[in-house]
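Computed from the coordinates by the stated procedures, all read-outs in this text should not be read as laboratory data. All values reported here derive from a predicted model rather than from experimental measurement. In this analysis, Cβ positions are derived from the backbone assuming ideal geometry, glycine residues included, and neighbour counts consider all displayed protein chains.
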Amino acid sequence: MKENSNPRDRLSLAEAVRGAQLAAADRNDFITDAKEADLARIEVLAQDLQEVFDDVPVDDPQWQFAVSKGQQPRLWIDVTSHVTMARDRRTYRFVRDTRHGRVLVAEATDIRPIADAVTNYIAERIVERQQMMEGSRIGLTDAKPVKDSPRQDFNPELSPVAPVIKQRSRLSSFITATYWFLIGAAVGTGVLVVAFWDRFAQYF
């Protein structure tokens with residue numbers, strides 16, 4: 001009796017093509033430079049994630065989804081995260097830049113774990129954005145809100161420092177008045193001495 005094979009156990013054409021592309025990238029290690037080999041693997045990962053990229057809402061501007069072909073090829077997910085190849089040119093490294101430094105999100109030699117990690121990351125960011133747009137907030141501390149006490153209008157007469165302020169005000173007024181009195185007396189004495197100098201001169 002012929003056994004019925006499960007279609008899911010069969011190798012799909014897409015998987016076969018992906019395997020052939022990876023094999024070609026391996027062969028290119030001996031023909032081309034490391035940059036071209038890394039770029040080939042990054043492009044294969046981008047093709048594998050294309051359906052995920054297409055499912056992202058078009059009104060969500062936080063995503064990049066682009067392959068950069070610089071000195072070190074990268075698959076950019078957003079402005080803070082990307083996938084690149086390790087020094088062995090076989091290991092995918094999904095990293096994210098944070099204010100505390102670069103964080104390794106996932107690392108594997110196979111595409112599937114990296115593709116799943118990128119997909120989960122995109123899903124989490126989409127949910128975070130939805131919560132932010134809806135005004136949801138998650139408390140980070142157990143602090144309880146402080147109850148506002150009944151408002152009381154400030155009355156300077158009832159303030160405990162009011163008597164001190166009054167005493168200082170009276171003392172300051174007395175010192176100021178005494179200061180100006182002495183200045184006035186000195187000026188008046190000087191005027192009298194100048195006016196009657198002839199009379200006072202005979203006593204000197």
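Computed 3J(HN,Hα) for the range 92-104, one whole-Hz value per residue from the Karplus formula 6.51 cos²θ - 1.76 cosθ + 1.60 where θ = phi - 60°, is 7, 10, 9, 10, 9, 8, 10, 5, 9, x, 7, 10, 8, glycine and proline marked x.
If packing is taken as the average count of other Cβ atoms within 10 Å, what order do 92-105, 175-188 fall into, highest mean first? Walk me through the numbers on the way to the answer.
On the way: 92-105: 13.1, 175-188: 10.0.
Those peptides, ordered most packed to least, come out 92-105, 175-188.
Distance between the 7 Å Cα→Cβ label points at Glu124 and Phe65: 2.1 nm.
Which part of the range 44-60 falls in the paramagnetic zone of Met132, meaning amide N under 19 Å from the point 7 Å along Cα-to-beta-carbon? Answer for the range 44-60: 56-60. Here each label is just a point 7 Å from Cα along the line to Cβ, and for Leu104 and Val52 those points are 1.9 nm apart.
Could you pull out which residues in the range 71-92 have an amide N less than 16 Å from a spot 7 Å beyond the Cα of Glu43, following the Cα-Cβ vector? Flagged as within label range: 71-76, 85.
Using the average count of surrounding beta-carbon atoms within 10 Å as a protection proxy, the listed peptides 34-46, 116-128, 11-23 rank, highest first, as 34-46, 116-128, 11-23.
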